[in-house]
Amino acid sequence: MDFDTTLAARRSVRGYLTREVDPALIREVFALASHAPSNCNVQPWHTHVVSGASLRRLGQAMTARAQSGSAAAPDIEMTGRYTGVWRERQIGSAKALYGAMGIERDDLAGRAAAFLRNLDAFGAPHAAFIFLPEPFGLREAADLGGYAQTLMLAMANRGIASCAQGALSLYPEIVREQLGLQPGPKLIMGIAFGYEDPEHPANAARTDRAALDDLVTFHA
Ligand SMILES: Cc1cc2nc3c(=O)[nH]c(=O)nc-3n(C[C@H](O)[C@H](O)[C@H](O)COP(=O)(O)O)c2cc1C
């Protein structure tokens, strides 16, 4: 795939085959991701890749926590309240997903069940949990976005599907507990990855993008 085709081919995949990605190929894409630029080249990310039964255990624990009704306690508070054009775009992506899955707007139980699939990484055989080490803040967190996209493009170029997931950062204590991690580094996001299940209805969802001139102002 040439680069532009890879860019267009990457999209969020929310239904996976159980087939695992070859460990050497996993190492290859994470090595490629390390080409991402960062402030002063500090590379302020540390990633934990969790696979197979360990990922299912983690998913079950997070799902149980969510179903218990106890509040999520992400390392980075989720304060985003989308209004105006941002709200319209948010609704557009939700409509695309729930529409593809045949879930009606007023089907609250269906929407809740669809959301819970997040916590099991949509059944993917692998997930990357990306942490921002202390003492970094917002400026360095931006570096993680570039790292995540570089990783997902390297995957897309090799036929590996992915989905960035803020939802996988909702219960960082469970992730730390199950992976035996010390407190400190902040869990920013997870990325589910593996091979796409082309039959899964969620994977028929497609998002659009705003017009270029709404997103970029070109100054002479
Ligand atoms: C940082 C980040 C967090 C995201 N979190 C979630 C998530 O928790 N659950 C989910 O289903 N999609 C999540 N997404 C995927 C977005 O919904 C998706 O990228 C967007 O709708 C555009 O669609 P596309 O990726 O198919 O182009 C996230 C994307 C990013 C970049």
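No value in this document is a laboratory result; all are computed from the given coordinates. What you see is a predicted model, and the numbers here were worked out from it, not measured in a lab. Cβ: placed from backbone, ideal geometry, glycine included. Neighbour counts: every protein chain shown.
Scan the range 169-220 for residues that are within 14 Å of the ligand (Cβ to nearest atom) and small (Gly, Ala, Ser) and jot them down.
Ser169, Gly190, Ala192, Ala202, Ala204, Ala205, Ala210
Going by the conditions given, is Ala167 more than 30 Å from Asp2 (Cβ to Cβ) and surrounded by 21 or more Cβ atoms within 10 Å (Cβ to Cβ)?
Taking the combined requirement at face value, the residue satisfies it.
I'm checking my understanding of the structure. Among residues of the range 182-202 that are under 20 Å from Glu77 (Cβ atoms) and either in contact with a strand residue (DSSP E or B) (Cβ under 9 Å, 6 or more places away or on another chain) or touching a residue at least 24 places away in the same chain (Cβ under 8 Å) (or both), which one is surrounded by the fewest Cβ atoms within 10 Å (Cβ to Cβ)?
Checked the range 182-202; the qualifying residue surrounded by the fewest Cβ atoms within 10 Å (Cβ to Cβ) is Gly184.
Out of the range 169-194, which residues are of a type outside the set (A, V, I, L, M), within 15 Å of the chain's Cα centre (by Cα) and not in a helix (DSSP H, G or I)?
Tyr171, Gly190, Phe193, Gly194
Would you say Leu138 is away from the ligand (no atom under 12 Å from the Cβ), within 28 Å of Ala66 (Cα to Cα) and either among the polar types (S, T, N, Q) or exposed (fewer than 12 other Cβ atoms within 10 Å of the Cβ) (or both)?
In short, yes.
Scan the range 5-38 residue by residue and report those that are surrounded by 11 or more Cβ atoms within 10 Å (Cβ to Cβ), within 13 Å of the ligand (Cβ to nearest atom) and among the hydrophobic types (A, V, I, L, M, F, W, C).
Correct list: Leu7, Ala9, Val13.
This table checks each residue for (1) touching a strand residue (DSSP E or B) at 6+ places or on another chain (Cβ under 8 Å); (2) part of a helix (DSSP H, G or I).
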residue	(1), (2)
Ser70	no, no
Asp75	yes, no
Tyr82	no, no
Trp86	no, yes
Gly92	no, yes
Arg105	no, no
Asp120	no, yes
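Does Phe131 satisfy the condition of being away from the ligand (no atom under 12 Å from the Cβ), aromatic (Phe, Trp, Tyr) and more than 25 Å from Glu20 (Cα to Cα)?
no
Name every residue in the range 150-168 that is more than 8 Å from the ligand (Cβ to nearest atom) and either in contact with a strand residue (DSSP E or B) (Cβ under 6 Å, 6 or more places away or on another chain) or assigned to a helix (DSSP H, G or I) (or both), in order of residue number.
Thr150, Leu151, Met152, Leu153, Ala154, Met155, Ala156, Asn157, Ile160, Ala161, Ser162, listed by residue number.
Report, by residue number, each residue of the range 64-115 that is within 26 Å of Leu215 (Cβ to Cβ), polar (S, T, N, Q) and under 22 Å from the mean Cα position of the chain (by Cα).
Thr79, Gln90, Ser93 - these are the residues of the range 64-115 that are within 26 Å of Leu215 (Cβ to Cβ), polar (S, T, N, Q) and under 22 Å from the mean Cα position of the chain (by Cα).
Assuming Gly145 fulfils every condition listed in (1) more than 10 Å from the ligand (Cβ to nearest atom); (2) in a helix (DSSP H, G or I); (3) without any contact (Cβ under 8 Å) to a residue 24 or more places away in the chain apart from one, which condition is it?
Gly145 satisfies all of (1) more than 10 Å from the ligand (Cβ to nearest atom); (2) in a helix (DSSP H, G or I); (3) without any contact (Cβ under 8 Å) to a residue 24 or more places away in the chain except (1).
So that you can scan it fast, the table gives a plain yes or no per residue for (1) within 15 Å of the chain's Cα centre (by Cα); (2) assigned to a loop (DSSP other than H, G, I, E, B); (3) without any contact (Cβ under 8 Å) to a residue 40 or more places away in the chain:
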site: Arg14; (1), (2), (3): yes, yes, no
site: Thr18; (1), (2), (3): no, yes, no
site: Val21; (1), (2), (3): no, yes, no
site: Ala24; (1), (2), (3): no, no, yes
site: Arg27; (1), (2), (3): no, no, yes
site: Ala31; (1), (2), (3): no, no, yes
site: His35; (1), (2), (3): no, yes, no
site: His48; (1), (2), (3): yes, no, no
site: Ser54; (1), (2), (3): no, no, no
